[in-house]
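> Take a look at this one; I'll ask things after.
Every read-out reported here was derived from the displayed coordinates using simple, explicitly stated rules and does not represent laboratory data. In this text the structure is predicted, and so the values were computed from the model without any measurement. Note that each Cβ is placed from the backbone with ideal geometry, even for glycine, and that neighbours are counted across all protein chains shown.
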Amino acid sequence: MKYWISVAVFLILALAAALSGVNEYVFYAGYIVLTFVVLSTAWNILGGYAGYVNFGTGAFFGLGSYSAVVLFKALEAPLIVQIIAGAAIGAALGFAVGIMTLRLRGIFFAIATVAILFIMETLMVNWRYVGGATGLQLLRPEVMAPFGSYTRMLFVVMALLAVIAVSVARYIQVGWIGRGLRAIRDSEEAAECSGVPTLRLKLFACVVSGALMGAAGAPMPMYLSFIEPASSFSLNWGVSALAMPMIGGTGHWIGPVIGALLLGSIQQIVTVTISNEINVLVVGVLLVLFVVLAPDGVVGLFRKWARRSSR
Amino acid sequence: MIFSFDLLFEAVLFGVLLGCFYAAVSIGLSVSFGLLDVPHVAHPALMIFGSYCTFIVTGWGLDPILAGVVLMPAFFVLGVLIYRFYYETFERRGTEAGVRGLAFFFGLAFIIEVGLILGFGVDQRTVQAAYIGSSLSIGDYRIPYRMLVAFGVALLLTFCLSIYLSKTFTGRAIKAVAQDEPALRLMGANPVRIKQWAFGIATGVSALAGAMVIIVGPVEPAMDRLYIGRTFCVVVLAGLGSMTGTLAAGLILGIAESIVLMMLGASWAPAVAFGLLLVVLGIRPQGLFGR
Amino acid sequence: MGAPLLQVKAVSKHFGGFTALSSVSLDIAPGERFGLIGPNGSGKTTLINCISGSLRNEGGQIVFEGKEISRLPAYRRTRLGIARSFQLPRPFHTMTVLENLLVPSAYVTHLRDSEGEVKAMEILRSIRLADKAHALASQLSQVELRKLELARAMAAEPRLLISDEAMAGLAGAEVDEVLQILFDLNARGITIIMIEHIMQAVMRFSQRVVCLDAGRIICEGTPQAIVGNPDVQRAYLGA
């Protein structure tokens, strides 16, 4: 119950902020941070809960973006349809990749996700309808009242998506599916011999993860008024989506949220004040530091501190 | 799309040379991932780092291949240090090493890539040598000399490493540790030191591989991403642990990429390695000669 | 024998050029205490893996309670009533002992957590591991880990339990403790296949013993007959 109250408070605050006179930049940056909340939560469902690392978050995310563009260009589809389509296509890609590689060891799945990423990018680079390598400019539709700008509306939409993603992750984690996924992560062979249908559960996690990533990608072209393959399918999405849960903590649904808020904000600050390259360096360094020194992330550190102070 | 047997033959010829080059740059990964089971997604990044080091050393007047050879000992030490760190931090603790090991190497690759951008900028770098820029003419076909050089070095490298692994005591120990670590321990050998040594060799070889990369064409920091596809494709297609398979797999990839390049152009070529990798994973994950 | 519980019919398994199992056949009667011995590398664990589903056999059939199970994935076989413990314990190390047992409760017997916990505590009490119920599996001692392996198999309510070297590396009193657990399970009607190197345990426990060597059955009979058999002695001591 506490959870749903917090969710309601969060959404009300987000809406109130969007309707207020707060600086436009807050929504511009906030949209990206919220996108990362969705991406890192989605990554963690397969990576943190089940132990299968996805490097190719950009493939699902970018595919969501491109399917939104296609629907917008061909049918002038409204945003909600774009998002649902993004989720459906992301789910389909998750299923395809999963069925092909989830029977193999974890590293083969990880490499396969990189392969999918590059293949997707190559496909879009060679598809003239969506602008090929140079990309496409997009004209946003009129923004609906009561929002003052399209970006503010997208901010609220992404806040809603973040709530959906986190709620899904929480439901999975707490229920019997989550226990099965953890068993798979701890010892897949023992899980299978304890009655856990490992392939099915892994596929399920992969499909859900892909769907959420695709959904997060759908509003992006509207946000940028632009789309092009190199940035949509960049490996940088992958490293962030992986670093945020590893920094925040992979065992609990709050971990990716903390990681996204922390690292996402740091990224915004560094990109604006220093450079984009230093931003990627910061992500890489923080990832390695946490993986080596604090493998249970911020959540783990907090738990240790809580145990120490209760003595 | 122009098609003629002449063009096809030239593409295959180029593909053979390219394939041997791909085999050579993948040999290091064949050892570190194929034999030692280390999820070394940072291998291409280290190799490109080797390319840039070659760039610096040739700036002091050395021939690129010589530069690569000179760098090998330093890279060997680097490899030993990286493996030691990886082993102490991840493999020893055992639990959940898989996810964290992968994340570690992924992060390392990014750090190296950005380090190169910060140090050298995003512009492409090349090296100069007598054999770069001119081509050998055989009848109607022109073969760039630099490709022949890469071909030659590749064959030599593969040959030497295969001999080392099958004829020397340390080499055989490396192969043994891949197959049966407990038995090796019973023989009195220390598996960790052997793996460390092997990883050092793999990284040392990457230095020479990096030299070849910059001989064959200009390099830029983000190239490691493309080479993840090529090297892993070769290693997986060959089958983990097979050295000779690396050559065969490299040839297959090289010829496939060359033909696609000829028929569909440069915008499709990057996907060949990744596509072939997916096909292999889907149909025959143990590769051609896997254990 | 009446209708056998498990029938292994001419099962073979190859790894590349290496033949791990070569046309192995045996029948296990319901309620039987069955011992499987053989030197290292003889194929015992491979045979177990083929029965439990961790590996797929290449030739032959595996029939459990009249049903052909050779094509079924391992989790289905567990749900049909075949459970196994692992030679090297594989606990779910980020979970507590109790949570370890809740996995088969949820996935095999489909119990809700509240019911599963009650049953799990019963099992833990019966093997004297109840005091560690809330300890993390990663903090258990060797013998406690072995007990956890058996407890987890018990939570799946099997009709056939395969114990893969559950006593390896344990000292005298600990061996007796684990052996007693297996006796108690058998008394409740669970058929048990025991793989063991500790000969006195195999002798005390088994009603029938089969000896494997290089993927083939070289001897089958009572414990006394097996021990006296020259082929068995040769297999263990080398040519």
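> What is the angle, in °, between the Cα long axis of helix B:243-264 and the longest principal axis of the Cα atoms in chain B? Nearest 10 is fine, range 0 to 90.
The answer is roughly 30 degrees.
> GluC sites (Glu not before Pro), restricted to the stretch A:65-163: which are DSSP loop and have at most 12 other Cβ atoms within 10 Å?
A:Glu76, A:Glu142
> Once the Cβ-Cβ distance between B:Ala266 and C:Ser12 is put in as r, and R0 is 51 Å, what FRET efficiency do you end up with, to the nearest 0.05?
That pair, B:Ala266 with C:Ser12, gives E of 0.50.
> Next question, about the same structure. If each of C:Glu68 and A:Phe10 carries a label point 7 Å out from its Cα toward its Cβ, how far apart are those two points in nm?
Each label point lies 7 Å from its Cα, and together they span 5.3 nm.
> With only Lys, Arg, Asp and Glu charged, each at its Cβ (+1 for the first two, -1 for the last two), find how big the charge dipole of the stretch B:5-283 is about the Cα centre; round to the nearest 20 debye.
In debye, rounded to 20, the stretch B:5-283 gives about 740.
> Right, next: May I have the extent of the alpha carbons of the stretch A:196-300 along their three principal axes, as whole Å values ordered from largest to smallest?
Rounded to whole Å, the extents work out to 48, 35, 19 Å.
> With contacts defined as alpha carbon pairs under 8 Å and 6 or more residues apart, what's the relative contact order of chain A in percent? If you can, show how the numbers build up before the last one.
Numbers: 500 pairs, mean separation 97.6, N = 311.
Reported as a whole number, the value is 31 percent.
> So, one more: Report, please, the projected area of the stretch B:5-283 averaged over directions, based on the convex hull of its C-alpha atoms, in nm².
So the mean shadow area of the Cα hull is 15.4 nm².
> Determine, from the Cβ-Cβ distance of B:Leu66 and A:Ser275 and an R0 of 51 Å, the FRET efficiency 1/(1 + (r/R0)^6), rounded to the nearest 0.05.
On the way: r = 36 Å, r/R0 = 0.70.
Efficiency for this residue pair is about 0.90.
> Let me ask something additional. Name all residues of the stretch A:268-282 having a backbone nitrogen under 17 Å from the label point set 7 Å from the Cα of A:Leu301 along its Cα→Cβ direction, giving them as ranges.
Output list for this probe position: A:282.
> Between C:Ala173 and B:Leu186, what FRET efficiency follows from the Cβ-Cβ distance if R0 is 25 Å, with the result rounded to 0.05? Before the final figure, lay out each step's value.
Numbers: r = 29 Å, r/R0 = 1.16.
With a Förster radius of 25 Å, E is 0.30.
> What is the stretch B:1-150's relative contact order, in percent, from Cα pairs under 8 angstrom and six or more apart in sequence?
Once normalised by length, the contact order is 28 percent.
> Something else about it: Calculate the dipole size of chain A relative to its Cα centre from +1 charges on Lys and Arg beta carbons and -1 charges on Asp and Glu beta carbons; express the result in debye to the nearest 20.
With only Lys, Arg, Asp and Glu charged at Cβ, the dipole is about 900 debye.
> Is it possible to state the helix-based mean residue ellipticity at 222 nm for chain C, with each DSSP H run of 4+ residues giving -39500 (n - 2.57), the sum divided by total residues, to the nearest 500 deg cm²/dmol? What is it?
-11500 deg cm²/dmol
> Between C:Ser114 and A:Val285, what is the label-point separation in nm under the 7 Å Cα-to-beta-carbon projection?
The modelled label-to-label distance comes out at 5.3 nm.
> Tell me, for chain C, which Cys residues have no other cysteine's C-beta sitting closer than 4.7 Å.
Cysteines lacking a close Cβ partner in chain C: C:Cys50.
> I'd like to verify something in chain A: which complete DSSP H helices, judged by Cα projection on the helix axis, reach 30 Å or more and average at least 0.0 on the Kyte-Doolittle scale?
Details: long enough: A:24-47 (35 Å, 1.32); A:79-101 (32 Å, 2.10); A:150-174 (36 Å, 1.71).
Span-like helices in chain A: A:24-47, A:79-101, A:150-174.
> Moving on. With the contact rule set at Cα under 8 Å and sequence spacing of 6 or more, what percent relative contact order holds for the stretch A:1-154?
Computed value for the stretch A:1-154: 28 percent relative contact order.
> Over 10 Å intervals from 0, what percent of Cα-Cα pairs in chain A sits in each interval?
The distribution over chain A is 6, 27, 36, 23, 7, 1, 0, given as percents.
> Along the positive direction of the dipole of chain B (beta-carbon charges: Lys, Arg +1; Asp, Glu -1; about the Cα centre), which of B:Ala269, B:Leu35, B:Val57 reaches farthest?
Positive-most Cα among the choices belongs to B:Leu35.
> Among B:Ala103, A:Gly195, C:Leu161, whose Cα lies farthest out toward the positive end of the dipole of the protein assembly as shown, if unit charges sit on the beta carbon of Lys, Arg (+1) and Asp, Glu (-1)?
So the residue furthest toward the plus end is C:Leu161.
> A further question on this structure: What trypsin sites (Lys or Arg not before Pro) does the stretch C:169-235 have in DSSP loop regions with at most 16 other beta carbons within 10 Å?
Here the trypsin sites (Lys or Arg not before Pro) that fit, given the DSSP loop and packing criteria, are C:Arg188.
> For a quick protection proxy, order the peptides A:176-189, B:57-70, A:279-292 by their average other-Cβ count within 10 Å, most packed first.
So the peptides A:176-189, B:57-70, A:279-292, ranked by packing, come out A:176-189, A:279-292, B:57-70.
> OK, next. Expressed in nm to one decimal, what extension gain is obtained for the pair A:Tyr129 and A:Ile164 from 0.36 nm per residue of sequence separation less their Cα-Cα distance?
Extra length available between A:Tyr129 and A:Ile164 comes to 9.4 nm.
> What does the C-alpha gyration tensor say about the overall shape of the protein assembly as shown? Classify as rounded when a/c is under 1.5, otherwise prolate if a/b is larger than b/c, or oblate. Intermediate values should be presented prior to the final figure.
Values: a/c = 2.02, a/b = 1.28, b/c = 1.58.
Verdict is oblate for the protein assembly as shown.
> Moving to a separate point now. Classify the stretch C:1-71 as rounded, prolate or oblate from the Cα gyration tensor: take a ≥ b ≥ c as the square roots of its eigenvalues, call it rounded if a/c is under 1.5, otherwise prolate when a/b beats b/c and oblate if not.
oblate
> What whole number of Å gives the distance from the Cα centroid of the stretch C:143-183 to the Cα centroid of the stretch A:31-108?
44
> Helix C:172-187: angle to the longest alpha-carbon principal axis of chain C, degrees 0 to 90, nearest 10?
Helix C:172-187 and the main axis of chain C meet at about 90 degrees.
> Dipole of the stretch A:12-309 (Lys/Arg Cβ +1, Asp/Glu Cβ -1, origin at the Cα centre): which of A:Ala96, A:Leu287, A:Gly251 lies farthest to the positive side?
Toward the positive end, the furthest listed residue is A:Gly251.
> Here is a follow-up. Enumerate the amide H contacts of C:Gly31 below 5 Å, restricted to partners 5 or more residues apart or on another chain; note that Pro and chain-start residues carry no placed amide H.
Under 5 Å from the amide H of C:Gly31: C:Thr191.
> Does the stretch C:6-237 come out rounded, prolate or oblate, given a ≥ b ≥ c as the square roots of the eigenvalues of its C-alpha gyration tensor, rounded meaning a/c under 1.5 and, failing that, prolate meaning a/b above b/c?
Prolate shape, in that a/c is at least 1.5 and a/b is the bigger ratio.
> Could you work out how far helix B:145-167 tilts from the main Cα principal axis of chain B, as a 0 to 90 degree angle to the nearest 10?
The two axes meet at around 20 degrees.
> What percent antiparallel are the DSSP beta bridges of the stretch C:6-237, to the nearest 5?
55
> Beyond a 27 Å Cα-Cα separation, which of these cross-linked pairs lie in this structure: A:Lys304/C:Lys132; C:Lys44/C:Lys132; C:Lys44/C:Lys119?
Distance filter (> 27 Å) returns C:Lys44/C:Lys132; C:Lys44/C:Lys119.
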